[in-house]
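Read through the structure below, which is laid out as structure tokens, and then see the notes.
No lab work stands behind these numbers, since they all come straight from the coordinates. Treat the numbers as computed from the prediction; the structure is a model and nothing was measured. For neighbour counting, all protein chains shown are included, and Cβ atoms are generated from backbone atoms with ideal geometry for every residue, glycine included.
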Amino acid sequence: AMALAKDLTQMSLPDIGDAFGNRDHTTVLHACRTIAMLREKNHDINRDYHVLEQVLKG
């Protein structure tokens, strides 16, 4: 969800962290990097992420 927030909004990492229960910006960065790595390695995850992006964009 943090990665989607980063990709679909103009929110800063600290703002995203605040929205997810006062998490540190480094936690958000780690989540985004982890999702990016998983998307590269796993076609199903990449497809699902893309579907979520499309649904959230409307």
Checklist entry - Relative to the first principal axis of the alpha-carbon coordinates of the chain, what is the inclination of helix 43-57, with its axis defined by its Cα atoms, in degrees from 0 to 90 and to the nearest 10? => result 60
Item to check | Computed Kirkwood radius, in angstrom, where 1/r is averaged over Cα pairs of the chain | outcome: 11.7
Next on the checklist: What is the angle, in °, between the Cα long axis of helix 25-41 and the longest principal axis of the Cα atoms in the chain? Nearest 10 is fine, range 0 to 90.
Outcome noted: 10
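Would you mind calculating the relative contact order of the chain from Cα pairs under 8 angstrom and at least 6 residues apart, reporting the percent as a whole number?
For the chain, the relative contact order is 28 percent.
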Item to check | Cα lying deepest toward the dipole's positive end in the range 2-57, options TYR49, LEU29, LEU8, charges on Cβ | outcome: TYR49
